[in-house]
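**Student:** Input: one structure, supplied below.
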Amino acid sequence: MSGNLQLLNDTLASIRAEGRAALIAYLPAGFPTVDGGVAAIKTVLDSGADIVEVGLPHSDPVLDGPVIQTADDLALRGGLKIADVIRTVREAHAATGKPVLVMSYWNPIARYGIERFATELADAGGAGCILSDLPVQESATWRDHAGKQGLATVFVVAPSTRDERLRRITAAGSGFVYAASTMGVTGVRETDGASAADLVRRTRATTDLPVCVGIGVSTPDQAAEVAGFADGVAVGTAFVQALLDAPDETTGLASLRALTTALARGVRGGR
Amino acid sequence: MSSTFFIPAPEGRAPDAEGYFGAFGGKFIPEALVAAVDEVADEYEKAKADPQFTAEFGALLVDYTGRPSALTEVPRFAEHAGGVRMFLKREDLNHTGSHKITNVLGQVLLARRMGKPRVIAETGAGSHGVATATACALFGLECIVYMGEVDMERQALNVARMRMLGTKVVPVTSGSRTLKDAINEAFRDWVANVESTHYLFGTAAGPHPFPAMVRDFQRVIGVEARHQLLDRTGRLPDAAIACVGGGSNALGLFHAFLPDAGVRLVGCEAAGHGVESGKHAATLSAGEPGILHGSRSYVLQDEEGQITEPHSISAGLDYPGIGPEHAHLNDLGRAEYVPVTDDQAMRAFRLLSRTEGIIPAIESAHALAGALEVGRELGRDGLILVNLSGRGDKDMDTAARYFGLYDTDGESK
């Protein structure tokens, strides 16, 4: 067992002890290039993100909006392979010592080999996985391998998830629970604070796992608002957009640094 | 002949509680959609047992779509298939021109039961989109149809039909800009608008309960054809043949014959430029098990689980997946799936047009091409049933370009 679930748990516990929420950043591997993606992920971790989710780009990302889909397309057209995703995890974790998760759709992992993927992710120092389209009732085989490798299985819950199902999901999950703030695909939007707060409250009633909120959060003010009631704030599209907007890599990394610093201040100002 | 319009599969043939047909099916969907999919499943179970629902559905199929559809013998066409005896189940004669209207009417009634005022759908060739637009006009529901840009170009007539019916057609510009990408966009819409919206899935694929529900709505095809053929010939066919994209028309035909071990069930997949060329949509011939659009089935994919872009001259078959029940029937060996190239399908398209005065959909022409092959195997004593799933009006632009009909003064080549 070599995965970093324990590091993830310890990180979230110490952040909770600080009386603040965690900042969780999402960036796809291979975007704009494999090395460029590694640099981007290191940059957000060095600038105040506590945890990073490395996206495994997929040809059919049904839960993602156009910004992340564009980045996924660019990564895949650049020839990205799963080995590159694993390398991204290894280098990001080795350089920063922080927890690194993979966020993926299920088919690439199932096709690659569940045991093979779990083993390689753990060996690379990965902390676990978030699997967007693997609902709890289909997840037993993955959780078995993840558990053996010391990897977290972070489940997503949604405002439409009923209480009984929430209990089933949180009982099966580990690391933290990812609460989707609004019904919708990933993207920058006005978050529905009341809906997210209600979902966090309902989720907490079923588990002691930290509950982190994502989907739609993009500004320091939104981060601060969500940090007021959640254990962590996940931001993805805003980071990807910053890179897409940048004319070159240096500008892109500077932009990521500024955005991460501002969001990190946001999550500290929420309480 | 009377027809029973709503015929859920017999016990034991339905999927299990989690939606599995053997190793295939399930519900691989974002958590945000789980409640909606469960609601569809619950409501469908209630509707199945509700005599008012089944009566209303049956009345619509008679008075609105024109069921039962005819069974037509095609002797001049069959001469080219070794003189086999061949009958076509005429789903092309349904209102809107294909089998699609049957499933759509069932699901629109379901959407109304669930109190959903907004319906979304995806379409490739446009048949499902037109059927959905039609039913939404009939019931006063808001209708949005997602369609790949490539398909909008090759099916411009159906785009105009949908718009005439009051539907908003949204062009999809991602990926290969065909059916697969339109389904992705429809899923995204559903995640964001699930409280008000029913996703009217067009084929026997997707997450449970869609594969079983769409199949049940389409079972009427095979049940009618079985009765009609027995009436006309006194025997069951040696082979029942249908084209397979997602697979709803084929399952609709096959299901009535599943218990009849002597009936070969033949699904004709779109082999495009040939399975070896890599430019095809022959999922069972060349795919591997995987997850696409909410269920586990055979999928065209690379070694890393990325979905590869399919090709077919038929927009309706241009899909890299297939319904999970077909995957199961394939692995059981109960149904056989054969690849049919663009050229084979187009030859059958022209042959049926010229021998019988029936212009088929290019999808259905794949089944006709398969029937020519099977007929030659069976010989003059054989009896073949082919599902003519749709009519070819929508495909005339594609056919005219393929055969050069726009460039000649007189008769085409």
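**Student:** Rounded to a whole number of µm²/s, how large is the Stokes-Einstein D of the protein assembly as shown at 10 °C and 1.306 mPa s, given Rh as the Kirkwood radius over C-alpha pairs? Don't skip to the end; give the middle numbers.
**Tutor:** Working: Rh = 26.0 Å.
Answer, rounded: 61 µm²/s.
**Student:** In square angstrom, rounded to the nearest 10, how much accessible surface does A:MET103 have for a 1.4 Å probe?
**Tutor:** Accessible area of A:MET103: about 30 Å².
**Student:** In the protein assembly as shown, what percent of the accessible surface is made up of carbon and sulfur (1.4 Å probe, ligands and nucleic acids excluded)?
**Tutor:** Numbers: 11190 of 22870 Å².
About 49 percent, which is the carbon plus sulfur part of the accessible surface.
**Student:** Of all trypsin sites (Lys or Arg not before Pro) in region B:169-262, which ones are in loop regions per DSSP and have a Cβ with at most 16 other Cβ atoms within 10 Å?
**Tutor:** Numbers: sites: B:ARG177, B:LYS180, B:ARG188, B:ARG215, B:ARG219, B:ARG226, B:ARG232, B:ARG235; in loops: B:ARG177, B:ARG235.
Listed in order of number, the matching sites are B:ARG235.
**Student:** Here's another thing I want to ask about it. For chain B, modelled as a Gaussian network with Cα springs under 10 Å, which listed residue fluctuates most, B:PRO117, B:PRO237, B:PRO259?
**Tutor:** Taking springs between Cα atoms under 10 Å, the residue moving most is B:PRO259.
**Student:** Let me spell out the model: positive unit charges on the Cβ of Lys and Arg, negative unit charges on the Cβ of Asp and Glu, origin at the Cα centre of region B:78-140. What dipole size does that give, in debye rounded to 20? Show your work: numbers first, answer last.
**Tutor:** Numbers: 8 positive and 4 negative charges, 73 e Å.
Rounded to the nearest 20 debye, it is 340 debye.
**Student:** Size of region A:115-271 along its principal axes in angstrom, Cα-based, largest extent first?
**Tutor:** The principal-axis extents, from largest down, are 43, 38, 25 Å.
**Student:** If you roll a 1.4 Å probe over the heavy atoms of the protein chains, what accessible area per residue do you get for the protein assembly as shown, in Å²?
**Tutor:** Details: 22870 Å² over 684 residues.
Result: 33 Å² per residue.
**Student:** Assuming R0 = 56 Å, can you tell me the calculated FRET efficiency for the pair B:LEU405 and A:GLN137, based on Cβ-Cβ distance, to the nearest 0.05?
**Tutor:** Numbers: r = 53 Å, r/R0 = 0.94.
In this case the efficiency is close to 0.60.
**Student:** Taking the Cα atoms of region B:1-102 alone, what are Rg (to one decimal) and Dmax (as a whole number) in Å?
**Tutor:** 18.7, 55
**Student:** Positive end of the dipole of the protein assembly as shown, charges at C-beta (+1 Lys, Arg; -1 Asp, Glu), about the Cα centre: which of A:GLY269, A:HIS93, A:SER139 has its Cα farthest in that direction?
**Tutor:** A:SER139
**Student:** In peptide A:134-144, how many Cβ atoms from other protein chains are near each Cβ within 10 Å, on average?
**Tutor:** On the way: counts 5, 10, 2, 6, 7, 0, 0, 0, 0, 0, 0.
Averaged over the peptide's residues, the number is 3.
**Student:** Moving on to the next point. Stretch B:GLU195-B:ASP343 to full length: gain in nm at 0.36 nm per residue minus the Cα-Cα span? List each step's numbers first, then the result.
**Tutor:** On the way: separation 148, 0.36 × 148 = 53.28 nm, distance 4.50 nm.
That pair, B:GLU195 and B:ASP343, stretches by 48.8 nm at full extension.
**Student:** Would you work out which of A:ALA127, A:VAL156, A:ALA196 lies farthest towards the positive end of the dipole of region A:117-216, given +1 charges on the beta-carbon of Lys and Arg and -1 on that of Asp and Glu, about the Cα centre?
**Tutor:** A:ALA196
**Student:** May I ask which residue of A:CYS212, B:ILE291, B:ASN193 lies farthest towards the positive end of the charge dipole of the protein assembly as shown, with charges of +1 (Lys, Arg) and -1 (Asp, Glu) on Cβ and the Cα centre as origin?
**Tutor:** In the protein assembly as shown, that residue is B:ASN193.
**Student:** Continuing with the same structure: Starting from the Cα gyration tensor of region B:299-354, take the square roots of the eigenvalues, sort them a ≥ b ≥ c, and report rounded, prolate or oblate (rounded when a/c is under 1.5, otherwise prolate if a/b is larger than b/c, else oblate). Provide the component values of the computation, followed by the final result.
**Tutor:** Working: a/c = 2.95, a/b = 1.45, b/c = 2.04.
Oblate shape, in that a/c is at least 1.5 and b/c is the bigger or equal ratio.
**Student:** Another question, then. List the longest stretch of chain B that has no exposed loop site; here a site is one of the GluC sites (Glu not before Pro) assigned by DSSP to anything other than H, G, I, E or B, with at most 16 other Cβ within 10 Å. List each step's numbers first, then the result.
**Tutor:** Working: sites that count: B:GLU11, B:GLU18, B:GLU195, B:GLU303, B:GLU411.
Longest run free of exposed loop sites: B:19-194.
**Student:** Ignoring everything except DSSP H segments at least 4 long, calculate the 222 nm mean residue ellipticity for chain A; use -39,500 (n - 2.57) per segment, divide by total residues, nearest 500.
**Tutor:** Details: 12 runs with 138 residues, N = 271.
The helix contribution divided over chain A gives -15500 deg cm²/dmol.
**Student:** While we're on this one: 7 Å from Cα along Cα→Cβ at both B:GLU153 and B:THR173: what's the point-to-point distance in nm?
**Tutor:** 1.4 nm
**Student:** Limiting things to C-alpha atoms, what are the Rg and the maximum Cα-Cα separation (Dmax) for region A:226-271, in angstroms?
**Tutor:** Answer for region A:226-271, Rg first and Dmax second: 12.2, 37 Å.
**Student:** Now for a separate question. Write down the Kirkwood hydrodynamic radius of region B:210-280, to one decimal in angstroms, obtained as one divided by the mean of 1/r over all alpha carbon pairs. Mind showing how you got there, number by number?
**Tutor:** Working: mean 1/r = 0.0762 Å⁻¹.
So the Kirkwood estimate lands at 13.1 Å.
**Student:** Ordering A:ASP84, B:ASP407, A:ASP64 from largest to smallest accessible area (1.4 angstrom probe), what's the sequence?
**Tutor:** Values: A:ASP84 35, B:ASP407 135, A:ASP64 15 Å².
Putting A:ASP84, B:ASP407, A:ASP64 in descending order of accessible area: B:ASP407, A:ASP84, A:ASP64.
**Student:** Quick check for me: using +1 on Lys/Arg Cβ and -1 on Asp/Glu Cβ, what's the dipole size of region B:208-312 about its Cα centre, in debye to the nearest 20?
**Tutor:** Numbers: 8 positive and 12 negative charges, 110 e Å.
The dipole magnitude comes to about 520 debye.
**Student:** Something else about it: How far is it, in nm, from the label point at B:ALA49 to the one at B:ARG163 when both lie 7 Å from their Cα along the line to the Cβ?
**Tutor:** Between B:ALA49 and B:ARG163, the label points sit 4.7 nm apart.
**Student:** What does a probe at B:ALA9 reach in region B:311-325, counting residues whose amide N is under 16 Å from the point 7 Å along Cα→Cβ?
**Tutor:** Answer for region B:311-325: B:322-325.
**Student:** Which whole-number percent gives the relative contact order of region B:158-217, counting Cα pairs below 8 Å spaced six or more residues apart?
**Tutor:** 14 percent
**Student:** If you don't mind, another one. What shape does region B:43-178 have by the C-alpha gyration tensor, where a ≥ b ≥ c are the square roots of the eigenvalues, rounded means a/c under 1.5, and otherwise prolate means a/b greater than b/c and oblate the rest? Walk me through the intermediate numbers first.
**Tutor:** On the way: a/c = 2.37, a/b = 1.18, b/c = 2.02.
Oblate is the answer for region B:43-178, as a/c is 1.5 or above yet b/c matches or exceeds a/b.
**Student:** A further question follows. Classify chain A from the C-alpha gyration tensor, please: rounded if a/c falls under 1.5, else prolate or oblate depending on whether a/b exceeds b/c. Present the calculation step by step, with values, prior to reporting the outcome.
**Tutor:** On the way: a/c = 1.37, a/b = 1.06, b/c = 1.30.
Here chain A falls in the rounded category.
**Student:** Could you give P(r) for region A:15-159, binned at 10 Å from zero, as whole percent values over all Cα-Cα pairs?
**Tutor:** Cα pair-distance distribution for region A:15-159, in percent: 12, 44, 36, 8, 0.
**Student:** First measure r as the distance between the Cβ atoms of A:ASP73 and B:GLU288, then evaluate 1/(1 + (r/R0)^6) with R0 = 22 Å and state the FRET efficiency to the nearest 0.05. Intermediate values should be presented prior to the final figure.
**Tutor:** Values: r = 23 Å, r/R0 = 1.03.
Computed FRET efficiency for A:ASP73 and B:GLU288: 0.45.
**Student:** Further, regarding this structure: What number, in percent, do you get for the relative contact order of region B:247-307 if the mean sequence gap of Cα pairs under 8 Å and at least 6 apart is divided by its residue count?
**Tutor:** On the way: 56 pairs, mean separation 10.6, N = 61.
That works out to 17 percent.
**Student:** Another question about this same structure. If you keep only loop residues by DSSP, which chymotrypsin sites (Phe, Trp or Tyr not before Pro) in region B:347-409 have at most 15 other Cβ atoms within 10 Å of their Cβ? Walk me through the intermediate numbers first.
**Tutor:** Numbers: sites: B:PHE349, B:TYR402, B:PHE403, B:TYR406; in loops: B:TYR406.
Listed in order of number, the matching sites are B:TYR406.
**Student:** Calculate the length of the line joining the C-alpha centroid of region A:51-130 to that of region B:16-52, in whole Å.
**Tutor:** Spelled out, the Cα-based centre of one part sits 30 Å from the other.
**Student:** Given R₀ = 30 Å, what would the calculated FRET efficiency be for B:ARG76 paired with B:LYS279, taking r from the Cβ atoms and rounding to 0.05?
**Tutor:** Values: r = 33 Å, r/R0 = 1.09.
Taking R0 as 30 Å, the efficiency between B:ARG76 and B:LYS279 is 0.35.
**Student:** Which whole number gives the average count of other chain Cβ atoms within 10 Å of the Cβ atoms across peptide A:106-114? Mind showing how you got there, number by number?
**Tutor:** Numbers: counts 5, 12, 8, 3, 6, 11, 3, 0, 0.
Counting Cβ atoms of other protein chains within 10 Å of each residue's Cβ and averaging gives 5.
**Student:** When the dipole is taken about the Cα centre of the protein assembly as shown, and only Lys, Arg (+1) and Asp, Glu (-1) are charged at their Cβ, what size is it in debye, to the nearest 20?
**Tutor:** On the way: 63 positive and 84 negative charges, 182 e Å.
Using Cβ point charges on Lys, Arg, Asp and Glu, the protein assembly as shown gives about 880 debye.
**Student:** Please identify, among B:VAL130, B:VAL74, B:VAL172, the residue showing maximal mean-square fluctuation in a Gaussian network model of chain B using a 10 angstrom Cα cutoff.
**Tutor:** Maximum among the listed residues: B:VAL74.
**Student:** What's the average, rounded to a whole number, of partner chain beta-carbon atoms within 10 Å of each residue's beta-carbon in B:288-300?
**Tutor:** 3
**Student:** If you project the alpha carbons of chain B onto the principal axes, what extent comes out on each, in Å, largest first?
**Tutor:** Sorted largest first, the three principal extents are 55, 47, 44 Å.
**Student:** Relative contact order of chain B: what whole-number percent is it, with Cα pairs under 8 angstrom and at least 6 residues apart? Numbers along the way, then the final one.
**Tutor:** Numbers: 929 pairs, mean separation 85.3, N = 413.
Relative contact order comes out at 21 percent.
**Student:** Which whole-Hz couplings ³J(HN,Hα) result when phi for each residue of region A:167-175 is put into the Karplus expression 6.51 cos²θ - 1.76 cosθ + 1.60, θ = phi - 60°, listed in order with x for Gly and Pro?
**Tutor:** Each residue's phi maps through the Karplus curve to give 4, 5, 5, 5, 5, 8, x, 8, x Hz.
The values are calculated or read from the model by the stated rules, or taken from the named source; none is laboratory data. Every value quoted in this text rests on a predicted model; they were computed, and no experiment measured them. We place every Cβ from the backbone using ideal geometry, glycine too, and count neighbours over all the protein chains shown. Please note that ligands, DNA and RNA were not included when accessible areas were found on the heavy atoms of the full protein model with its side chains. Shrake-Rupley method; radii C 1.70, N 1.55, O 1.52, S 1.80 Å.
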